[in-house]
Each structure stands twice: as C-alpha cells, then as structure tokens.
1. Gaussian network model of the chain, Cα springs within a sub-10 Å range: biggest mean-square fluctuation belongs to which of T311, T265, T27?
2. Taking Cα atoms, how many degrees apart are the long axis of helix 34-45 and the longest axis of the chain, rounded to 10 and kept between 0 and 90?
3. Return the percentage of antiparallel bridges among DSSP beta bridges fully within the chain, rounded to the nearest 5 %.
4. With n ≥ 4 as the cut-off for DSSP H runs, can you work out [θ] at 222 nm for the chain, using -39500 (n - 2.57) per run divided by the number of residues, rounded to the nearest 500?
5. Is the shape of segment 157-221 best called rounded, prolate or oblate, per the rule: a/c under 1.5 gives rounded, else a/b larger than b/c gives prolate, else oblate, with a ≥ b ≥ c the square roots of the Cα gyration tensor eigenvalues?
6. In segment 266-413, what % of DSSP beta bridges are antiparallel (nearest 5)?
7. Please compute the net charge surrounding A321, taking Lys and Arg as +1 and Asp and Glu as -1 over other residues with Cβ under 12 Å from its Cβ.
8. Assuming a viscosity of 0.890 mPa s and a temperature of 25 °C, what translational diffusion coefficient in µm² per second does Stokes-Einstein assign to segment 335-395, Rh being the Kirkwood radius over Cα pairs?
Amino acid sequence: METPGLRYLNTDLVKFLREDQKMALITGPRQVGKTTLAKRLLVESGMNELYFNWDIDAHRKLLVRNPGDFWQRGKTQAGDTKTRIVLDEIHKFPRWKRFLKGLYDEHGKNIEIIVTGSGRLDIYQRGGDSLFGRYNLFRLHPFTLGELLTPSREYILSPDVFWKTLLLHHPLKEAEEHLKKLEMFTGFPEPLFAESETRLRRWRQAHRQLVLREDIRDLTRIRDIGLVETLALLLTERVGSPLSFNSLSEDLSVNFTTVKNWIETMSRLYYLFQIKPFAGRLVRTLRQAEKIYLFDGTEIQNEGARFENLTALHLHKLVEAWTDSGFGEFDLYYVRDREKREVDFLITEQRKPYALIEAKLSARDIDPSLRYFSERLKPRYTVQVVRKPEGFTTTINTSGIILTPAKEFLALM
C-alpha cells in the first residue's frame with residue numbers, strides 16, 4: 001500500500017477554513033500524519049512554501065524576528081487565493097499562545113492558519129492568554145478500516161447514514177485483508193504501509209521513546225521516566241479491564257496519586273486513551289474504575305483484548321469525528337455493575353444512551369449482559385460485533401439487536 005496524503009479530516013478542514021475564518025488546530029498522536037495532512041492542504045491551495053516548523057532553525061528565526069509578516073517574506077501564493085499557512089510544533093515556543101492570539105487578531109480575516117503539533121495542544125491550557133473563540137480543534141486518529149477501504153480516504157459517515165448503511169452494507173472483498181494488516185501493523189502510517197514486522201519493531205521503539213521520554217521530559221515535570229516506561233509495559237496486560245490504581249501503585253512502589261497522574265499524562269500525550277463507566281440512572285453500577293486502551297495495540301498479547309482494543313480505536317475515532325464535524329455531542333463509555341455484568345462500549349449523545357456495543361472475539365449468540373443492559377438503558381442501537389463469527393456471515397438484526405462481523409462494522413469507520 002502507498003502512503004496517502006489525504007485523510008478523513010480533509011473536507012471538514014477545508015470547509016472550516018473557508019467558512020468559519022478561525023484557526024484550525026490539528027492534534028493527535030505522534031507520527032499519526034498531522035504534518036502530512038497539513039502539507040497536503042498547502043499543496044491543494046498552491047502555497048507549498050508556507051510551511052513553518054518551530055524545530056527548523058531558519059523558520060524559528062523568521063517567526064521570532066518577523067511575527068507580523070513572516071509568511072510574506074520570499075514566499076509566493078496562487079493568484080488572489082486567500083493565503084494559507086501551516087505552523088508546526090509552534091507550541092514549543094514559550095509564548096506560543098500570545099503569538100497565535102496576536103497573529104489571528106491582526107491577520108485572521110486575511111489568512112487561513114493551520115496549527116499542528118505533537119501530543120495534545122490542549123496540554124498547555126494552563127495559564128497564558130486564552131485562545132477561546134479563535135480556533136477549532138480537529139483530532140486526527142490512526143487509520144481505521146473504513147478509511148483504508150476508501151480510495152479518497154475522506155470517509156466519515158453521518159450518524160443516520162452510518163446505521164442505515166450497516167444493515168445494507170456489503171464490504172469490499174479487501175476488508176478482511178486490510179483488517180488483518182491493522183491487527184498486525186497498527187493504524188499508524190509508517191508501519192502500516194511498510195507492511196514489515198522489522199519496520200514495525202523499529203517504529204514502535206522510536207515511538208515509545210518519543211512519547212515516554214522526549215515528550216514527558218520536555219512537557220512535564222516528571223523525572224521518574226524509567227518507572228513511567230515500566231508502567232506502560234504493565235498496562236498492556238490490563239487493556240479492556242477496569243483499572244486498579246492501587247494494584248499498579250504496589251507494583252511500582254509509588255503512591256496512588258502518582259500512578260493516576262502518570263496515566264493522565266500518557267493520555268494527554270496520546271499514548272493511550274481512557275473511557276469511564278457510565279452510570280446514568282442505573283443502580284449498582286461501577287462509577288469510578290476507568291478502562292484504558294492503547295493507540296498502538298500490537299504489543300497486547302491476549303487476542304481478545306487486542307480485538308477489543310482495535311474496536312475501541314475505531315469507536316474512539318468515530319465519536320470524536322462526529323463531534324468535531326458538528327453532528328452532535330458524542331462520548332464513549334463502558335457499562336459494568338457489581339454483579340460483573342459488563343458491556344464493552346456505550347456511545348452517548350448529549351449524555352444519553354445512543355449505541356450499546358459488545359466486542360467478541362468469537363460468538364454465535366447474543367451476550368446475556370448485552371441483552372440485560374439494552375433492556376435497561378434502552379439505547380437507540382444495540383450491537384454485538386464479532387471478529388470470528390459462528391453461524392452467520394453477514395450483518396443481521398435479531399430481536400432489535402444487531403449481530404455483525406467485525407469486517408462489516410469496522411468498515412464503516
């Protein structure tokens with residue numbers, strides 16, 4: 001497979017820049033393709049040269065010395081097209097928020113500003129000048145099955161179209177092949193499109209060092225980096241299970257609060273993401289124990305947990321894309337009660353149950369816990385997605401519960 005330049009955010013970004021006249025901040029995991037996407041947007045506008053990276057000495061000097069017109073010095077643009085510029089890694093500038101605020105307030109109506117950066121740009125929300133009302137945040141995720149199956153890569157179905165398509169959809173014959181590649185090589189562009197286990201191992205080592213060493217060293221006050229790396233190894237065995245901070249603190253010989261803060265930092269740096277239990281009006285449900293999933297799930301040894309992690313990645317992208325695209329306010333939870341009945345995922349819309357989803361490595365019948373919580377939460381949709389279906393080969397609706405092969409369900413995301 002050839003590494004693409006277009007991604008699923010392309011259309012929404014272009015529309016936003018043209019219509020809203022605000023800054024577009026693109027955030028997401030390290031090496032997920034933010035810079036590639038931003039440069040592609042420059043190519044489309046005929047302004048290839050208007051890319052500025054804080055890590056490049058010449059660019060840094062230009063930004064500091066000429067903050068009011070740096071994009072006009074020796075650069076060209078196509079005709080009367082509105083100038084589009086990209087600022088990469090600008091958050092490493094100590095006064096970056098003041099810089100962006102001044103740039104937008106003075107020139108925001110005349111130029112289109114795209115800001116990208118490693119890790120989460122909102123990690124710097126504390127202190128400084130507020131950018132509130134001047135930008136929209138776009139979250140770029142690793143490749144998912146639906147994006148791989150779509151030549152244009154611009155693939156986000158609206159919620160209504162998504163569910164209508166699920167029961168009618170017959171995925172491309174390449175769906176199973178691409179799904180296996182995602183399971184083996186992750187959704188990150190470099191290892192995915194290289195399709196090499198050697199490249200995957202080298203990439204994984206470099207990626208872990210970038211996030212767990214360089215980003216933590218540069219962006220936080222954490223000094224026990226070796227213990228943070230050990231924590232990352234321990235977490236691969238706990239994916240998909242309610243997390244016990246007490247157990248982890250005992251394993252690492254540090255206190256509860258320290259472990260909690262470390263995991264929160266890893267989440268902010270897009271090494272992992274957390275989902276919380278949903279309570280609502282249900283009684284006897286867990287209300288505090290969160291679960292974690294990894295953006296790179298290739299080190300998860302348990303096959304069932306690895307599939308659940310892959311499903312979580314697809315759903316996490318889906319709810320954030322729906323929210324970022326303006327379809328509504330969607331969030332991702334899980335459900336578990338004190339009798340240990342559990343459903344892996346619950347999508348909410350405006351904090352109300354919307355879609356209840358159970359991920360199974362193999363199954364023939366509907367999971368009893370899925371039926372139980374479906375009857376009590378009454379979501380609009382209830383789905384059991386199965387990686388290795390037994391007794392069915394395509395999506396079916398049985399008594400109001402959708403039973404679907406993984407390759408059909410994930411192909412819509």
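Here, each number is a calculation from the coordinates, and none is a lab measurement. This one's a predicted model, so the numbers in the text were calculated from it and none came from an experiment. Every residue, glycine as well, gets a Cβ built from its backbone with ideal geometry; the counts of neighbours run over all protein chains shown.
1. With Cα springs under 10 Å in the chain, the top fluctuation among T311, T265, T27 is at T265.
2. 60
3. For the chain, the DSSP antiparallel bridge percentage is about 40.
4. That calculation yields -11500 deg cm²/dmol at 222 nm.
5. oblate
6. 60
7. Summing Lys and Arg as +1 and Asp and Glu as -1 gives -2.
8. D = 203 µm²/s.
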